[in-house]
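The values are calculated or read from the model by the stated rules, or taken from the named source; none is laboratory data. Here the structure is a predicted model, which is why all the values come from computation and not from measurement. In this analysis, Cβ positions are derived from the backbone assuming ideal geometry, glycine residues included, and neighbour counts consider all displayed protein chains. Only protein heavy atoms, including side chains, enter the accessible area calculation; ligands, DNA and RNA are left aside. Shrake-Rupley method; radii C 1.70, N 1.55, O 1.52, S 1.80 Å.
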Amino acid sequence: MPIPKMQKVHIVAHADHKDAIIEKLHDAGLVEVETFTEILEGLHTEDVDAGDLERKLADLSYGIDFLYTFSVKPNLLESFFLPRYKIEKKHYEAVVNEFDFSIIEEMKNLDQTLSELKNEETRLKSIIEQLQPWETLTIAVRDFETERTVTEVGIISTEAVSEILKLEYVHVEIPFSTERKTWMSVTYLKDYRDELEEIFRKLDFQKVSLPGGSEGTPAETIEEAGHQIQMLQKEREKVRERCMVLAERRMHLMIVYDHYLDIKKRHDVRKDFANTEKSFILQGWIRKEDLPVLRKELSFADEVDISSYEPSDIDDVPVGIENRRAFKPFEVITRIYGLPLYKEIDPTLLLAPFFIVFFGLCLSDFLYGAALILLSVFALKKIKVGPDAVLLFKVLIMGGVVTMVLGILTGGWAGDLTLYLPEQLSFLENVRQSLTVINLLENPILMLEIALILGLVQVWAGILIRGYMNVRDGYYLDAIFDQGLWLLLLPAGTLALINKMFGVDVPAAGLMLNLSLAALVGLVLTQGRYQKASNPVVALGKKAMVGVLSIYNIFGYLGDVLSYSRILALGLATAALASAFNMVAVQASGIKILGPIIMVMFLILLHLLNIVISSLSAFVHSGRLQFVEYFTKFLEGGGRTFKPFGSHPKYIQIKEED
Amino acid sequence: MFEISQGLIFAVLGAASAAFLGGIGSSIGVGIAGQSAAGVITEDPEKFGKLIVLQALPGTQGIYGFVGAFWVLNMTGLLGGTPLALTMDQGLEILFACLPVGVGGLLSGIYQGRVSASGCGVVAKRPEAMGNAMILSAMVETYAILGLLATILLLNGITLTP
């Protein structure tokens, strides 16, 4: 719950130890290095040129992207969770040693060849397309001009065709025509050229030159182009096959990428150091508890000095949250919101019980919970996912357990599936009925009340935590006035209100009313206490005003609590959808012979769909209740994540040898 | 044979409009988000898994509409095959009770689609901010959920005596 204490460290050492220290720090992964900021005489920073490394990384990442098209695609789940491939250290080292960058040159060539082949194919296809109307023309292009004759090809309006056909001294071919236009060739003796040019102009005969640069007939050109396209496609297939072969080594590229990424990190970190001629200093942050480890790691030489300091108020201290195993998965949810500030509190443990119960209530189905557990376990075992995704699935497994329990209590067994079971199993329906405490579909109001009570509890808890933080930091009066009074007002006021408005019997109704009035008066009197003005009358006026206006927060809290009604609505939506799906599937069983099979398939598919949709909603909305309704009571947020200098691979994870 | 009462016609109209208004809202919302997602995928096919979740978020309005419709069908006996004879008043009450989930779903679906579409842009540049994009989108959905809740509470309050 508390945020681990951080220390600022300065490490001063002889320049000879620089590489060794960087190596140690990188392997230990304990210190976040930041730029040394104090400007002192005689200190200089090292010029670091990482151009070569950057080129290598760019090449590798080009190769990884290029090969993606030719490699086996990760499945949908993997692509959602950014697959991380576990690599054994031996294999990693072997790959890095053997890697030859010429493979990337080859890829670039293949890439270029592919696009050239593609362009050529497109060009040929467009020639074929343009020649299509001329396909039946019998005159070869080489014969368009002979010693005494000329052949013109062009397009003319169909109406004018007869004008040309009338001429006696021409040979006309019409390979293609439509209602409006005619594609024709006109062959004539050169002697008639002037005469014909005149006629062409009058009839608007648009000459065209046949594309393709071939000397044969259009049909021949088309055939030849077709041949060429086939050849190109074969060649392209060959290139693609080569790419597929290379794609098997995509993993190698990823390994080498991560290798160079590490090298680059060790390289770049030098920029943050300050140097004298013979020594250097680096500045960073470390968890207080890790300090002895650091001292031990760096004790290999005498000329290394480590000094540590408590962070000061102006320091932007990085935040590294740390939770026990059982609650660690919930850090995923904390991280969605962002980390708390260093002086605040780690909300992970505080949100976990609420989140998991809300998640379970939104699904509240025994069988869905079981399915969620099975699916998550399957995903954990079968899919290579990154460390964050592992935590997420663990949250889903815990959510699944709560969903099962709440499902039994609310009578959700894939909705009302037990109603439709064959006779031998129909006892399950009795089991379901007898275990059901609240039926959502029949008694939504009761569930709404429960949801709102849970909301009130969480809002109250949020204020309580803020109060605790104030006490911890020594602001006792703030804790009493700003939180204590509300902590009193919220439950007392609620009880008094439902007693007065709905006539519900509550214990000590009179006392509750008096308590809430007292709290209200207290708020009016105290909430303006920080208002100041030079004129005492104005100051008093301001204090009174702010005090009275603070009562307005009641509506804020009211809105917060009403927001929890979504728990009921989502639970109802899951249950109603499940019942509807059961009904649809059972209808299908009436179909002859295949009926039962179709019904079972329908049931599986539809319920799977419902599980996916409803779990997504349950997760997102339970999360929202934490962030918007709960965190706002005690967290400011926006803390800077503690990112120790070390290995942060992008694609792979090195498996430790057992 | 039974005669279809006039009230029942309005109840059917209510159920139908809950389903189709929510459906329209979701169709538009999922459509808008899908266009943005497709744009990101052309550049970065590996993000498909994340984007499809963002695209699916505005799809819930259609489901809420369907749940509303299902509720009406269930309470009026249309599912069991022997519909109740509803009075005109009851029919109209059911129709009006369906409006929150229908109209709320229609509008919130469209706007949630827009937020999801912007979320696709967020994921394109910072895939680790996926959670934030989802929560922003879910903020809009709140009002569809409240619409569903209002509809169900209203329907629950209507007494049908056969």
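Quick one: how many residues across the range A:255-289 are closer than 14 Å to residue A:7 by Cα, assigned to a helix (DSSP H, G or I) and within 32 Å of the chain's Cα centre (by Cα)?
0
Identify, please: which residue in the range A:630-650 is open to solvent by less than 10 Å² (accessible area, probe 1.4 Å) and at pLDDT 90 or above and is, among those, farthest from residue B:133 (Cα to Cα)?
Checking each candidate, the answer is A:634.
For the list (1) in a helix (DSSP H, G or I); (2) crowded, with 20+ Cβ neighbours inside 10 Å, I need the number of the one condition that residue B:9 fails.
Of (1) in a helix (DSSP H, G or I); (2) crowded, with 20+ Cβ neighbours inside 10 Å, only one is false for residue B:9: (2).
Given the conditions (1) open to solvent by less than 30 Å² (accessible area, probe 1.4 Å); (2) within 30 Å of residue A:66 (Cα to Cα), and given that residue A:116 satisfies all but one, which numbered condition is not satisfied?
Among (1) open to solvent by less than 30 Å² (accessible area, probe 1.4 Å); (2) within 30 Å of residue A:66 (Cα to Cα), residue A:116 violates only (1).
When the residues of the range B:146-160 are filtered to those that are more than 10 Å from chain A (Cβ to nearest Cβ) and open to solvent by 40 Å² or more (accessible area, probe 1.4 Å), which remaining residue is farthest from residue B:94 (Cα to Cα)?
For the range B:146-160, the residue satisfying everything is B:159.
Which members of the range A:63-87 meet the condition of being at pLDDT 85 or above and more than 14 Å from chain B (Cβ to nearest Cβ)?
Of everything in the range A:63-87, just one residue is at pLDDT 85 or above and more than 14 Å from chain B (Cβ to nearest Cβ), namely A:63.
Does residue A:216 satisfy being modelled with pLDDT under 85, open to solvent by 40 Å² or more (accessible area, probe 1.4 Å), within 25 Å of residue A:122 (Cα to Cα) and in contact with a helix residue (DSSP H, G or I) (Cβ under 9 Å, 6 or more places away or on another chain)?
No.
Do we find a residue being within 11 Å of chain B (Cβ to nearest Cβ) and open to solvent by 70 Å² or more (accessible area, probe 1.4 Å) anywhere in the range A:520-542?
no
Name the one entry in A:613, A:604 that is open to solvent by 40 Å² or more (accessible area, probe 1.4 Å), more than 30 Å from residue A:457 (Cα to Cα) and not aromatic (Phe, Trp, Tyr).
So the residue among A:613, A:604 that is open to solvent by 40 Å² or more (accessible area, probe 1.4 Å), more than 30 Å from residue A:457 (Cα to Cα) and not aromatic (Phe, Trp, Tyr) is A:604.
Residues that are hydrophobic (A, V, I, L, M, F, W, C), over 27 Å from residue B:58 (Cα atoms) and touching a residue at least 12 places away in the same chain (Cβ under 8 Å): does the range A:617-631 have at least one? Break it down stepwise before answering.
First, pick out the residues of the range A:617-631 that are hydrophobic (A, V, I, L, M, F, W, C): A:618-620, A:625, A:627-628, A:631.
Checking the rest, the ones that are also over 27 Å from residue B:58 (Cα atoms) come to none.
Scanning the range A:617-631, I find no residue that is hydrophobic (A, V, I, L, M, F, W, C), over 27 Å from residue B:58 (Cα atoms) and touching a residue at least 12 places away in the same chain (Cβ under 8 Å), so the answer is no.
Kindly establish whether residue A:124 is open to solvent by 30 Å² or more (accessible area, probe 1.4 Å) and either within 23 Å of residue A:221 (Cα to Cα) or not in a loop (DSSP other than H, G, I, E, B) (or both).
Judged against the criteria, residue A:124 is not a match.
Can you pull out the residues in the range B:110-135 that are open to solvent by 20 Å² or more (accessible area, probe 1.4 Å) and either modelled with pLDDT of 90 or more or within 19 Å of residue B:42 (Cα to Cα) (or both)?
B:110, B:111, B:114, B:115, B:118, B:121, B:122, B:124, B:125, B:126, B:127
Against the conditions (1) open to solvent by 40 Å² or more (accessible area, probe 1.4 Å); (2) under 30 Å from residue A:338 (Cα atoms); (3) more than 11 Å from chain A (Cβ to nearest Cβ), where does residue B:99 fall short? Just the number, please.
Failing condition for residue B:99: (2).
Of the numbered conditions (1) under 25 Å from the mean Cα position of the chain (by Cα); (2) in contact (Cβ under 8 Å) with a residue 24 or more places away in the chain; (3) not in a strand (DSSP E or B), residue A:575 satisfies every one except a single condition; which is it?
(1)
Residue B:84 passes all but one of (1) modelled with pLDDT under 90; (2) within 12 Å of chain A (Cβ to nearest Cβ); which number fails?
The one condition residue B:84 does not meet is (2).
List pairs: first in the range A:47-63 and hydroxyl-bearing (Ser, Thr, Tyr), second open to solvent by 20 Å² or more (accessible area, probe 1.4 Å) and modelled with pLDDT of 85 or more, Cβ under 8 Å, 6+ apart or cross-chain?
Within 8 Å, the pairs are A:61/A:257; A:62/A:108.
Of all the residues that make up the range B:64-93, how many are open to solvent by 30 Å² or more (accessible area, probe 1.4 Å) and under 14 Å from residue A:576 (Cα atoms)?
Summing the residues that are open to solvent by 30 Å² or more (accessible area, probe 1.4 Å) and under 14 Å from residue A:576 (Cα atoms) in the range B:64-93 gives 5.
Only one residue in A:495, A:515 is crowded, with 20+ Cβ neighbours inside 10 Å and either in a helix (DSSP H, G or I) or within 14 Å of chain B (Cβ to nearest Cβ) (or both). Which one?
Being crowded, with 20+ Cβ neighbours inside 10 Å and either in a helix (DSSP H, G or I) or within 14 Å of chain B (Cβ to nearest Cβ) (or both) holds for just one of A:495, A:515, which is A:495.
Kindly evaluate residue A:559 against the criterion of being in contact with a Gly (Cβ under 9 Å, 6 or more places away or on another chain) and part of a helix (DSSP H, G or I). Explain how you work it out, then say what you get.
On the way: in contact with a Gly (Cβ under 9 Å, 6 or more places away or on another chain): no; part of a helix (DSSP H, G or I): yes.
Considered against the rule, which asks whether it is in contact with a Gly (Cβ under 9 Å, 6 or more places away or on another chain) and part of a helix (DSSP H, G or I), residue A:559 comes out as no.
I'd like to verify a number: residues in the range A:393-452 that are in a loop (DSSP other than H, G, I, E, B), β-branched (Val, Ile, Thr) and open to solvent by 40 Å² or more (accessible area, probe 1.4 Å), how many?
1
Any idea how many residues of the range B:50-77 are of a type in the set (S, T, N, Q), farther than 29 Å from residue B:126 by Cβ and facing chain A (nearest Cβ under 9 Å)? Can you show your working first?
Step one: list which residues in the range B:50-77 are of a type in the set (S, T, N, Q), which gives B:55, B:60-61, B:74, B:76.
Narrowing the set further to residues that are farther than 29 Å from residue B:126 by Cβ leaves B:74, B:76.
Now drop any that are not facing chain A (nearest Cβ under 9 Å), which leaves B:74.
Qualifying residue count, the range B:50-77: 1.
Would you mind stating whether residue B:134 is out of contact with any Phe, Trp or Tyr (no Cβ under 6 Å at 6 or more places or on another chain) and farther than 30 Å from residue B:51 by Cβ?
Numbers: out of contact with any Phe, Trp or Tyr (no Cβ under 6 Å at 6 or more places or on another chain): yes; farther than 30 Å from residue B:51 by Cβ: no.
The answer is no for residue B:134.
Tell me whether the range A:629-645 contains one or more residues that are away from every other protein chain (no Cβ under 11 Å), under 30 Å from residue A:91 (Cβ atoms), over 24 Å from the mean Cα position of the chain (by Cα) and not basic (Lys, Arg).
Within the range A:629-645, one or more residues are away from every other protein chain (no Cβ under 11 Å), under 30 Å from residue A:91 (Cβ atoms), over 24 Å from the mean Cα position of the chain (by Cα) and not basic (Lys, Arg).
Quick check on this structure: which one of B:108, B:118 is within 14 Å of chain A (Cβ to nearest Cβ) and hydroxyl-bearing (Ser, Thr, Tyr)?
B:108
Give the residue that is farthest from the other protein chains (Cβ to nearest Cβ), with candidates limited to residues of the range A:556-587 that are within 26 Å of residue A:355 (Cβ to Cβ) and out of contact with any helix residue (DSSP H, G or I) (no Cβ under 8 Å at 6 or more places or on another chain).
Of the residues in the range A:556-587, the ones within 26 Å of residue A:355 (Cβ to Cβ) are A:556-578.
With the extra rule that they be out of contact with any helix residue (DSSP H, G or I) (no Cβ under 8 Å at 6 or more places or on another chain), the set shrinks to A:556, A:558-559.
Values: A:556: 16, A:558: 14, A:559: 11 Å.
In this case the residue turns out to be A:556.
Among the residues of the range A:280-299, is there at least one that is free of Cβ contacts under 8 Å to residues at least 24 places away in the same chain, open to solvent by 20 Å² or more (accessible area, probe 1.4 Å) and within 20 Å of residue A:34 (Cβ to Cβ)?
Among the residues of the range A:280-299, at least one is free of Cβ contacts under 8 Å to residues at least 24 places away in the same chain, open to solvent by 20 Å² or more (accessible area, probe 1.4 Å) and within 20 Å of residue A:34 (Cβ to Cβ), which makes the answer yes.
State whether the residues of the range A:551-565 include one that is in contact with a Lys or Arg (Cβ under 7 Å, 6 or more places away or on another chain) and surrounded by fewer than 19 Cβ atoms within 10 Å (Cβ to Cβ).
no
I'd like the residue in the range A:10-48 that is open to solvent by 80 Å² or more (accessible area, probe 1.4 Å) and in a loop (DSSP other than H, G, I, E, B) and, out of all such residues, is modelled with the highest pLDDT.
Of everything passing the filter in the range A:10-48, A:45 is modelled with the highest pLDDT.
Given the criteria more than 23 Å from residue A:66 (Cα to Cα) and within 14 Å of chain A (Cβ to nearest Cβ), does residue B:30 qualify?
Spelling it out, residue B:30 is indeed more than 23 Å from residue A:66 (Cα to Cα) and within 14 Å of chain A (Cβ to nearest Cβ).
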